[in-house]
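All remarks here apply to the structure that follows.
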2 protein chains.
Amino acid sequence: MTSQPRTLDHPDRSEIRLEDVLHALSDPVRLQIVCFLAAEGESSCSAIDLAVSKSTTTHHFRVLREAGVIRQVYRGTAKMSSLRREDLDALFPGLLDTVVTAHEAQQARTVTV
Amino acid sequence: MTSQPRTLDHPDRSEIRLEDVLHALSDPVRLQIVCFLAAEGESSCSAIDLAVSKSTTTHHFRVLREAGVIRQVYRGTAKMSSLRREDLDALFPGLLDTVVTAHEAQQARTVTV
DNA sequence: GCCGTACTACGAAAGCTATCGTACAAGGGT
DNA sequence: ACCCTTGTACGATAGCTTTCGTAGTACGGC
């Protein structure tokens, strides 16, 4: 019995630090993940098309989870991720929306198709 | 004539990237600087009591400047810094205020005197 | 029981960051 | 002219980050 039903460590709401959240959001790949989750709600790690390898993807999801930005649960072979919107909104009102909006605005400016 | 009247390079508004701004804000020392400037308006580098050495202070101010978060000008022997509020508000509406408010709220929660 | 899918763990490499001390430059006041 | 204050430049160091490949585990379906 080496394995319990596979759970993942998440920081408690009171342990979430603004610096860590901002740091988690300061990487382009992770910003993309967060914006995807903001739009889609919940999704598996593989549902997002990222320009990095599988192991790097795992790494970024972990950074987001350990900073308290997302919650992850196993469901079959998949691992579903979703934003911890309630916790983040309670701790840092408006931050998540502001960042997501800012990122989308920047995308719109930059892509200039 | 090796030295022009001492100017400093600032990124153009269009060059400011959200990732860089978030990264600049993800350090406790820099967050403290930004919140101080948000409260005081303009101030010299030495006016803030930071828990790091002089050279480290210089480093953090430079990171903030190069990310486009602050503007710095020489005035006599002092170097005055101020937030680039107009640029930031135009690019990422609400971000600065949200972060400053979030930091203050976190301080209030954490210090629990 | 076996295979495929989904994800993880580990180890490695390259690069960046935060920190410091020391030595130096620029400017203002006396 | 000299010094004091303010900030910079440089070099060093320790630690973190991003990235990858490879090998492995967990689960569901056949």
Accessible surface, per residue, of chain A when the full set of protein chains is kept, probe 1.4 Å, Å²: 56 Å²
Keeping all protein chains in the complex and leaving out DNA, RNA and ligands, what accessible area do you get for A:HIS59 with a 1.4 Å probe, in Å² to the nearest 10? 90 Å²
The size of the Cβ-based charge dipole (Lys, Arg +1; Asp, Glu -1) of chain A about the Cα centre, to the nearest 20 debye, is 380 debye
Looking at the P(r) of the protein assembly as shown, how many percent of alpha-carbon pairs lie beyond 30 Å? 31 percent
Can you list the distances in nanometres, one decimal and ascending, from the A:SER46 label point to the identical position in each other copy, with the point 7 Å along Cα to Cβ? 6.1
I want the local charge near B:ALA47. Using Cβ-Cβ distances under 15 Å, sum +1 for each Lys or Arg and -1 for each Asp or Glu among the other residues. 0
What percentage of all Cα-Cα pairs in chain B are separated by more than 24 Å? 24 percent
Got the A:LYS79 label distances to the other copies yet, label 7 Å along Cα→Cβ, in nm, shortest first? 4.3
Among A:CYS35, B:LEU31, A:HIS59 - extreme Cα towards positive end, dipole of the protein assembly as shown, charges at beta-carbon: A:HIS59
Using the per-residue mean of other Cβ atoms lying within 10 Å as a proxy for protection, in what order, highest first, do the peptides A:33-45, B:25-37 fall? B:25-37, A:33-45
Surface share of carbon and sulfur [accessible, 1.4 angstrom probe, percent] for the stretch B:1-75: 46 percent
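The values are calculated or read from the model by the stated rules, or taken from the named source; none is laboratory data. Everything numeric in this text was worked out from a predicted model, so none of it was measured. Quick reminder, even Gly has a Cβ in these numbers, built from the backbone with ideal geometry, and neighbours come from all protein chains shown. Just so you know, the surface numbers come from the protein's heavy atoms only, side chains and all, with ligands and any DNA or RNA stripped out. Shrake-Rupley method; radii C 1.70, N 1.55, O 1.52, S 1.80 Å.
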